[in-house]
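One structure below.
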Protein chains: 4
Amino acid sequence: MVNIALIGCGRIGQMHAANIAKHQLTNLTMVFDADEESARKVAQLYGVKVGKTSAEIFDSENIDGVLIASATSTHADFIEKAVFAGKPVLCEKPIDLDLGRVNQCAKQISGTSIPIQIGFNRRYDPGHRGARKAMLEGEIGDLHQVIITSRDPEIPSKTYLEGAGGLFRDMTIHDFDLARFMLGEEPTEVFALANALGDPKLGAELEEVDSAMCILRTASGKQCHINNSRKALYGYDQRVELMGSNGMLISGNRKPHELKRYGSTGVETSAPYQFFFVERYSEAFMAEIDGFVDCILNEKQPLSTFEDGRKALILAEAAYLSMHERRLVEVSEVDEY
Amino acid sequence: MVNIALIGCGRIGQMHAANIAKHQLTNLTMVFDADEESARKVAQLYGVKVGKTSAEIFDSENIDGVLIASATSTHADFIEKAVFAGKPVLCEKPIDLDLGRVNQCAKQISGTSIPIQIGFNRRYDPGHRGARKAMLEGEIGDLHQVIITSRDPEIPSKTYLEGAGGLFRDMTIHDFDLARFMLGEEPTEVFALANALGDPKLGAELEEVDSAMCILRTASGKQCHINNSRKALYGYDQRVELMGSNGMLISGNRKPHELKRYGSTGVETSAPYQFFFVERYSEAFMAEIDGFVDCILNEKQPLSTFEDGRKALILAEAAYLSMHERRLVEVSEVDEY
Amino acid sequence: MVNIALIGCGRIGQMHAANIAKHQLTNLTMVFDADEESARKVAQLYGVKVGKTSAEIFDSENIDGVLIASATSTHADFIEKAVFAGKPVLCEKPIDLDLGRVNQCAKQISGTSIPIQIGFNRRYDPGHRGARKAMLEGEIGDLHQVIITSRDPEIPSKTYLEGAGGLFRDMTIHDFDLARFMLGEEPTEVFALANALGDPKLGAELEEVDSAMCILRTASGKQCHINNSRKALYGYDQRVELMGSNGMLISGNRKPHELKRYGSTGVETSAPYQFFFVERYSEAFMAEIDGFVDCILNEKQPLSTFEDGRKALILAEAAYLSMHERRLVEVSEVDEY
Amino acid sequence: MVNIALIGCGRIGQMHAANIAKHQLTNLTMVFDADEESARKVAQLYGVKVGKTSAEIFDSENIDGVLIASATSTHADFIEKAVFAGKPVLCEKPIDLDLGRVNQCAKQISGTSIPIQIGFNRRYDPGHRGARKAMLEGEIGDLHQVIITSRDPEIPSKTYLEGAGGLFRDMTIHDFDLARFMLGEEPTEVFALANALGDPKLGAELEEVDSAMCILRTASGKQCHINNSRKALYGYDQRVELMGSNGMLISGNRKPHELKRYGSTGVETSAPYQFFFVERYSEAFMAEIDGFVDCILNEKQPLSTFEDGRKALILAEAAYLSMHERRLVEVSEVDEY
C-alpha cells in the first residue's frame, strides 16, 4: 500500500481524501490544513493523524507521496518542499497564478527526478484519453483541427472569482492543457477574446469575463478552438473533438444513466448531464490516483508534469495579451523562461 | 416514360398519384374510382383522364402498369383482371381479408409471369432494406432473433376499424411480412395475444384489440417477436432489430430533422418522430414506384410478390387461431392451399 | 458503521466484499466459505476474520447483517439460520432452484420482520429505477407494454450450466423480477419458447437452451415481452422499455465512456457496451449495499424481498410449463403455496 | 402555377431545374445558358424552351420569376436586368466575388421592391430554421455563443478553386450568412486564420487554404466561432450550435437512414452522413423554391435578401484582412458602402 498525505482539506481536498481512502492501493496517512479545524474533520472521518505543520508530513518516513490541494498561492512552496524532501507530489492546478513564481519554482526544482504530477484531471478521463489513444494509433490520420467546448454550469461566488486569477488562468487553463495534450505539438500562436455575458453585473464589478473564445495554432499549422462559458444552464458541458485527414473523434458528455424519455412534444430526452467536475470527472480523479501510485511505485514520470502546468499558464498569459491587444500573439512573446 | 393508371383515389391513392406524378420515370395516365367525384379531383390536379370504368384502364394499350389502391374487397378482382389483361400490378395490402378468396385468386393467376407487386412498403424503406442487406452479406453471422416494434400514433375511426378485418389482418400484416422478409425462412409456429388497452371502450364495442404481442419461430429455430399498439402517443414507432451470432442491426425511427434541445431538465431532446406512415415511409413509397418501374421495364419479379401477400395473411390467420386457443399454433394448421 | 459478514467467497462474493469494503457506511467483518482457502484469500485482502463455521457468523453479536453469496443450494438454509438468529440478510438470487424448497423456506420464516433482501440487482440500477419512478409519477400515463431485452455476452461453461437450473431459473429470473417490478401488478399468464441457437452442440449435450422469448400478461391486460440470448457477441445487452398511454421510457445500455468515432464507412461509433453484469451494474451492486444498510439501520423492508424471489421463480416454472406444453399458462397453475 | 425561367444549366442549375419541375406550384418555363448545348440538354429533359438570349427571358410576359445559377461573374448583371424587367430573382450565392461590384449593383437596384432572394440554402434547412425559431421563441434565453462547424467532404478541383475567389468568399460565406441569421445582430468584429492542411501541395500551388477558424463578435458581445475544412473524409459535416442563458440548441448532421450496427469492436455505428450539399440540403433547396414562390405570389421579401448577400461578402473581406494583418478587425473597416 502507498501512504499518501493530504495538504489542504477544503472541497477538493475532501474529494481527494475520499478517493485515496477508497483506492485499493493507497492509505490516507496524514492530513494538514492551515485551518486546523478543517484538517481535524477530514482526519476524523478517515481515522488518520492531523499534521501539526506541513513539515511533519515532509519529514515523515512513513509517507510515500503528498497530494497538495491547498490554496493556489501555496502550491509552489509545497512543491519545492516536497522535492527537497524527496516526496512525489500530486498538486492541484494551477501551480501559481504568477508565471514569474512558476518559473522560479521550475528553477528551484530543476533536474529533479521526483515525480511532480499536476492535477489536470481531464488527461485522465477515459473518453478524452481514449480519443488521444485512437489518434496516436493513426485512426484519424493527421490531426487538423481540435475543438474544445468547456462550459461550467454556474458562475462561482464573487469571493471565489476575486482570488481565481481570471477566467483564462482559472478555467481555460484546463482547456489549454487539453489542447496541448491533444495537439501533440506546442501551440505557437494564440488569439483570444472574452466578455461578460452570463452575468454582466458581476463582470462590471470585478472586470471579469465569463464567456470566451480562443484559437490556437501550432508551428505545423494545426488549429484549435476553445469556447468557454461560466454559465451553461443545461449542465457542465465538456466536449473534445479531434478532426483529422481520415476521420473524427469526439469525446462527449456523460449522463448519470441511460434513461430516455419519449413524449408527444419531444423524444429521446436524456437526464441532464452530470452536474459538475466532481461527478463528470469522477473516474478521472480516481485515475489520477492510479497514475500517482504508478509514478511512486514504478518511478515513472506523470502524464501531466510540472512543465505541462507551466506551459498551460503561458498559454493563459498569451490569451490575456491577445485579448488586450486584439491581435494574434506569438506564444514566445510571453515565455521568458 | 412508364404510363401508370391508378384505381382508387382515396387517401392512399392520392399519395400514390402524387408520387407517380413526381417520379422521373412515370406518367400518371388515367385514374378510376367507383366514386367518380374522387377520381375527377385527382384527375384535375394532374391533368389526366378519368376512366369511365376500370375496364377502360385494363383495355388501354397506352397503359404500362396499374396501381390498385381501391377498397380491399376489390383488390383480388382487379388483380385477376390486370393479369388477364397482361398489365403489371402494384396493389395495396392486403390482397383480401378472406384467405379463401386469396387462395382462389392465387389459383386464377397461377403460372403468370406478369409482375404483381404487393404494397408492403416497409420492404422498400432504406433503413430496413439496409439492415437486411447487411445481414445477407454476413455482417451479423447467423440470424437468431428478430424484434419488430410497430406502433401507430392514433386509433383509427370506428368506421375504419369496422371494415379493417381486425388488428392482425390490417396492421400486424405489415409486420408479419417484415418478419418473413428478415427471417429468410418461413415461420412455422405462431403465438399471439392481444387486448384493448389504448381504448378499452372501443375495444368492447367492436370486440377489437389495439395492443398485441406475437412470437414466431422458423423450422431452424429462429425467433421473432412483434409488438403492436394502435396508440403510441409519442409518435409512429417503427423499429426492426436483427440479432445474430456476430452482432446486431437496428433500423430505427426517423426524425423530421436533427435539431436537439438541451435544457436544465433534460438534454438531447429531438422533435417527435415523423407522424405516420405517409411521412415515415415517404422514401419507401417512392422506392415502391422505383421497384414497379423496374419490374415493368426489365420484366423482373417484385421484392414483394403476390405470394408474400398470401403468406402474410396466413400468419394473421395463425395469430387469430393462437389468440383464441391460447396456444402455439403451427402455421400449417391454417394454410390449406 | 454497519458490520457485514460474507458467506460465499467465489466470484460474486469477492465483488460484494470489495463493495462492502469500499462503502462509506459498512465494514466487512467476517467471511466464511465451505472452501476455507477461498475464505482465507478474501479475508487476507481486507484484513478480516475467517469464520470457522457459518454458525460463528450467525452467533456473533458484532455482526449487523449477512450477505449470502454461496452456492444456490445453500441459500434457503442460510436464510433460515439468519432469520432465526435475527440477522438481516442480503441473499444472491435465486433463493433455490426448487420451488418446493422455496415454499418450505417461506413457511419457516413466515411472519418475520427481519429484512431479507434478494439480490435482484437490476431493481437498483439508476436507469431502470429512474424509469420506474417516472412511470409511477405518471409521466407515461397508464402502462401498456413492457419490453425487456436481456442478453449475455457469452455462453457460460458447461460446468456452470449443469448446476444453473436452466435458462429461465438462472438468467430469465432477473427479467421475470424486472417485469414484476415494472408492471406494478402480478403477471397472471405466461407464454415461453426457447431453443439453442448460440451453441447448438452444447444445447444438445445438456438439453439446454440459450435463446428465449416470453410473453407475460397481467389480469388488467398489461403485456410484457422478454427476449434472452446467452450469446450477444456485441456485448451485454440490457434494455427495458415502458410504453404507456402518454409516452415511453427506455432505460438503455451503458457505455464505458462517451467517445464516438467518425470515419468514411460509418459514423457515431461508440465503444462496445460494458462487458457483463459486474461492469454494467456496478452502480446497482453498490446501491444494493445502500439499500441493505438502509434496511438494517432504519428497520425498513427491502426493495426486493423474499416474496419477490419466490414470485420470480414461479414465473420461471410457468415458463417451463408453457414451453413444454406449447400453450399460454396461467401462473396459478404452478403456484401451489 | 408560377412560371420560372432558369439561367445557368450547370450542376447547380440542373438541380434547381429538377426541383422546379417537381414542385407542386412551379413550372419550369424557359432555360438559358451561355453554352447553348447545356441549355438544350436541360430543356429536353423537361420539355421546355431554350432562350436564345437572356433577354428573351427578361422580356417574356409569361415568366414570373428567374432563377440565376450561372457563373458568379454574371450574377450582378442578371440581377440588375431582372430588377429592371420587374422580375423576382432567386440568385445563387455569392452575388459577386468583388465587393465593389456588389456595392455598385446595390446602388443600381436601390429602392426596388422586387424580391431578390440569395441562395443561402442553409437558412431554409428544417433543422437550422427550427433552431432559430426555438431561439426566437425564447427557448434558450439570451443567445451567448454560436458554434458553426462546416466541413466539405472533398477538396474541389484545381479549376474550380482558381475561379472560386478563395475559401472565405466561396465556402465560409455560407457560414458568415448563417452566423448573421442566428446572431440576430450584426457582427462588428472578425478574427480569422487559415492554412492548407488537407492538401498542402494544392495550397502551395494556388496560395489557397483549406482549413480555417474564425471568431465573430457583435456589438452586444455575442460570440460566434466558425470552423471550416475542405476535406472531412468522414462526410459533409454541417452543425450549428446556439448556446444561451437558458439552454442550448444543436442542429446536427443528417443520415441517409436510421440503421445502426452493433459489433464486438463498436456499437451504434450509423451510415456515413449524407455526402454533400445536394443530398444534405435537399429539403432546404426545395424550401428555397417554396420561399421564392411565396415572395412572387404574396409580394413578400425573401428570408435571404440581396443585402444579406452583401453583408456576408463584407464578413469574408474582413476575414481576409484579419488573416493578413493577424489581428481582430472591425467590420466597418471593410464596409465602405
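The values are calculated or read from the model by the stated rules, or taken from the named source; none is laboratory data. Keep in mind that what you see is a predicted model, and the values were worked out from it rather than measured. Please note: Cβ atoms are built from the backbone with ideal geometry, for glycine as well, and neighbour counts cover all protein chains shown.
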query: Name the pairs: first residue in region B:121-149 and on the phi > 0 side of the Ramachandran plot, second residue among the polar types (S, T, N, Q), Cβ to Cβ under 9 Å, at least 6 apart or on different chains?
result: B:GLY138/B:ASN246; B:GLY141/B:SER245; B:GLY141/B:ASN246
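Taking the stated definitions as given, is D:GLN274 of a type outside the set (A, V, I, L, M), under 30 Å from D:ILE140 (Cα atoms) and surrounded by fewer than 20 Cβ atoms within 10 Å (Cβ to Cβ)? So that I can check it myself, show each step before the final result.
Values: of a type outside the set (A, V, I, L, M): yes; under 30 Å from D:ILE140 (Cα atoms): yes; surrounded by fewer than 20 Cβ atoms within 10 Å (Cβ to Cβ): yes.
The answer is yes for D:GLN274.
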field: Lone unmet requirement of (1) under 18 Å from the mean Cα position of the chain (by Cα); (2) farther than 23 Å from B:ASN195 by Cβ; (3) touching a residue at least 40 places away in the same chain (Cβ under 8 Å) for C:TYR160
entry: (3)
query: (1) surrounded by 20 or more Cβ atoms within 10 Å (Cβ to Cβ); (2) free of Cβ contacts under 8 Å to residues at least 60 places away in the same chain: which one isn't true of B:ASP96, the others all being true?
result: (2)
- request: Please go through region A:194-203 and pick out each residue that is of a type in the set (A, V, I, L, M) and outside any helix (DSSP H, G or I).
  value: A:ALA194, A:ALA196, A:LEU197
query: Which of the residues that make up region C:1-56 are more than 22 Å from the chain's Cα centre (by Cα), in a strand (DSSP E or B) and among the hydroxyl-bearing types (Ser, Thr, Tyr)?
result: C:THR29
- prompt: Counting residues that are touching a helix residue (DSSP H, G or I) at 6+ places or on another chain (Cβ under 7 Å) and within 14 Å of chain A (Cβ to nearest Cβ), which helices (runs of 4 or more DSSP H) fully inside region C:104-193 reach at least 1?
  reply: C:126-136, C:172-183
Among (1) surrounded by 23 or more Cβ atoms within 10 Å (Cβ to Cβ); (2) more than 10 Å from chain D (Cβ to nearest Cβ); (3) free of Cβ contacts under 8 Å to residues at least 12 places away in the same chain, the one test that B:PRO200 misses: (1)
task: Examine region D:72-81 for a residue that is buried (at least 20 other Cβ atoms within 10 Å of the Cβ) and among the acidic types (Asp, Glu), and state whether such a residue exists.
output: no
message: I'm told D:ASP98 meets every condition in (1) within 23 Å of D:VAL278 (Cβ to Cβ); (2) among the acidic types (Asp, Glu); (3) more than 14 Å from chain B (Cβ to nearest Cβ) except one. Can you identify the failing condition by its number?
response: (1)
message: If I ask for residues that are of a type in the set (Gly, Ala, Ser) and touching a residue at least 24 places away in the same chain (Cβ under 8 Å), which ones from region B:1-42 would you list?
response: B:ALA5, B:GLY8, B:GLY10, B:GLY13, B:ALA17, B:ALA21, B:ALA34, B:SER38, B:ALA39
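Can you give me the number of residues within region B:204-231 that are assigned to a strand (DSSP E or B) and either crowded, with 24+ Cβ neighbours inside 10 Å or within 8 Å of another protein chain (Cβ to nearest Cβ) (or both)? Lay out the reasoning, then the answer.
Quick first cut of region B:204-231, residues assigned to a strand (DSSP E or B) only: B:211-218, B:223-229.
Now narrow it down to the ones that are either crowded, with 24+ Cβ neighbours inside 10 Å or within 8 Å of another protein chain (Cβ to nearest Cβ) (or both): B:211-217, B:223-229.
Final tally of qualifying residues: 14.
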task: Go through region C:82-93 and give me each residue that's assigned to a helix (DSSP H, G or I) and either in contact with a strand residue (DSSP E or B) (Cβ under 6 Å, 6 or more places away or on another chain) or crowded, with 20+ Cβ neighbours inside 10 Å (or both).
output: C:ALA82, C:VAL83
field: The one condition in (1) surrounded by fewer than 21 Cβ atoms within 10 Å (Cβ to Cβ); (2) modelled with pLDDT under 95 that C:LEU297 fails to fulfil
entry: (2)
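Mind listing whichever residues of region B:2-61 are charged (D, E, K, R) and crowded, with 23+ Cβ neighbours inside 10 Å?
From region B:2-61, those charged (D, E, K, R) are B:11, B:22, B:33, B:35-37, B:40-41, B:49, B:52, B:56, B:59, B:61; that's our starting set.
B:ASP33, the sole residue that qualifies.
Would you confirm whether any residue within region D:109-118 is of a type in the set (Val, Ile, Thr), touching a strand residue (DSSP E or B) at 6+ places or on another chain (Cβ under 8 Å) and surrounded by 24 or more Cβ atoms within 10 Å (Cβ to Cβ)?
Just the residues of region D:109-118 that are of a type in the set (Val, Ile, Thr), to begin with: D:109, D:112, D:114, D:116, D:118.
Then drop every residue that is not touching a strand residue (DSSP E or B) at 6+ places or on another chain (Cβ under 8 Å), which leaves D:109, D:114, D:116, D:118.
This time we only want the ones that are surrounded by 24 or more Cβ atoms within 10 Å (Cβ to Cβ), so: D:116, D:118.
Scanning region D:109-118 turns up at least one residue that is of a type in the set (Val, Ile, Thr), touching a strand residue (DSSP E or B) at 6+ places or on another chain (Cβ under 8 Å) and surrounded by 24 or more Cβ atoms within 10 Å (Cβ to Cβ).
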- prompt: Does region A:324-337 hold any residues that are out of contact with any Phe, Trp or Tyr (no Cβ under 8 Å at 6 or more places or on another chain) and either within 14 Å of another protein chain (Cβ to nearest Cβ) or assigned to a loop (DSSP other than H, G, I, E, B) (or both), and which are they?
  reply: A:HIS324, A:GLU325, A:ARG326, A:GLU330, A:VAL331, A:GLU333, A:VAL334, A:ASP335, A:GLU336, A:TYR337
field: Given (1) modelled with pLDDT of 95 or more; (2) within 20 Å of A:HIS174 (Cα to Cα), number of the condition A:ASP335 does not satisfy
entry: (1)
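Residues of region D:178-231 being in contact with a Pro (Cβ under 6 Å, 6 or more places away or on another chain) and at pLDDT below 95, which ones?
Of all residues in region D:178-231, those in contact with a Pro (Cβ under 6 Å, 6 or more places away or on another chain) come to D:216, D:218.
Listed by number, the list is empty, since nothing qualifies.
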message: On the basis of being small (Gly, Ala, Ser), surrounded by 22 or more Cβ atoms within 10 Å (Cβ to Cβ), touching a residue at least 24 places away in the same chain (Cβ under 8 Å) and not assigned by TED's automatic domain parsing to the domain that holds A:LEU90, does A:ALA287 make the cut?
response: no
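For region A:19-47, how many residues are of a type in the set (A, V, I, L, M) and modelled with pLDDT under 95? Walk me through how you get there before you give the answer.
Here is the first cut: in region A:19-47, the ones of a type in the set (A, V, I, L, M) are A:20-21, A:25, A:28, A:30-31, A:34, A:39, A:42-43, A:45.
If we keep only those that are modelled with pLDDT under 95 as well, we get A:21, A:25, A:45.
The total comes to 3.
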message: Being surrounded by 24 or more Cβ atoms within 10 Å (Cβ to Cβ) and over 30 Å from B:ALA196 (Cα atoms) is the filter here; which residues of region C:235-258 pass it?
response: C:GLY235
